[in-house]
1. Can you give me the number of residues within the stretch 83-135 that are without any contact (Cβ under 8 Å) to a residue 12 or more places away in the chain and of a type in the set (A, V, I, L, M)?
2. Buried (at least 18 other Cβ atoms within 10 Å of the Cβ) and either out of contact with any strand residue (DSSP E or B) (no Cβ under 9 Å at 6 or more places or on another chain) or in a loop (DSSP other than H, G, I, E, B) (or both), is that true of PRO83?
3. Find the residue count for the stretch 125-143, including only residues that are surrounded by fewer than 18 Cβ atoms within 10 Å (Cβ to Cβ) and either at pLDDT 95 or above or within 11 Å of the chain's Cα centre (by Cα) (or both).
4. Cβ-Cβ under 9 Å, sequence separation 6+ or interchain: first residue in the stretch 43-63 and closer than 16 Å to ILE85 by Cα, partner among the basic types (Lys, Arg) and surrounded by fewer than 18 Cβ atoms within 10 Å (Cβ to Cβ). Which pairs?
Amino acid sequence: MHVKAFSGEFKFCLLALLPVNLRRCEVHMAEIGNYQFGEIQVDGKKYHGDIKIIDGSVISNWWRAQGHELAVSDIEDILSEAPEILVVGMGLPGYMKVRDELRQRLAATGISLIDEPTPKAVATFNRLKKSGKKVAGAFHLTC
């Protein structure tokens with residue numbers, strides 16, 4: 001159901017009113033519109049710090065415990081949502097690295113990892129979301 005409001009459109013899912021076999025909601029797509037060093041735009045809103053995208057929601061000003069290393073503890077929220085695919089933007093030149101422990105954890109839980117420089121990761125994320133995959137993203141915006 002779509003409801004028009006003063007500042008835009010809100011979408012609601014009334015799961016409790018439907019029989020169990022019909023309980024489906026429209027999932028927000030969270031499309032990344034533009035990326036440049038230090039800035040990313042998601043659904044028309046600009047962010048100037050690293051972000052994660054989980055189930056269509058943006059978690060802004062995200063930072064890792066070890067700066068340019070991505071570890072399990074940095075993305076526990078993503079892991080708990082169990083996406084099919086995790087797309088990691090490693091920064092414009094790709095300096096951020098995924099730690100081996102995280103690679104192993106993702107493999108053990110059946111989550112595919114795509115880690116690439118952020119410009120390419122943005123395109124990959126959008127393509128996978130449009131194809132209907134359950135994809136999460138973690139994007140480093142600078143180096």
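1. Selection size over the stretch 83-135: 3.
2. Details: buried (at least 18 other Cβ atoms within 10 Å of the Cβ): yes; either out of contact with any strand residue (DSSP E or B) (no Cβ under 9 Å at 6 or more places or on another chain) or in a loop (DSSP other than H, G, I, E, B) (or both): yes.
Judged against the criteria, PRO83 is a match.
3. First, the residues of the stretch 125-143 that are surrounded by fewer than 18 Cβ atoms within 10 Å (Cβ to Cβ): 127, 130-134, 142-143.
Pick out the ones that are also either at pLDDT 95 or above or within 11 Å of the chain's Cα centre (by Cα) (or both) and you get 127, 130-134, 142.
Final tally of qualifying residues: 7.
4. Close Cβ pairs satisfying both conditions: ASP55/LYS134.
The values are calculated or read from the model by the stated rules, or taken from the named source; none is laboratory data. If you're wondering where the values come from, they're calculated on a predicted model, not measured in any experiment. Positions of Cβ are generated from backbone atoms using ideal geometry, with glycine treated the same way; all protein chains shown enter the neighbour counts.
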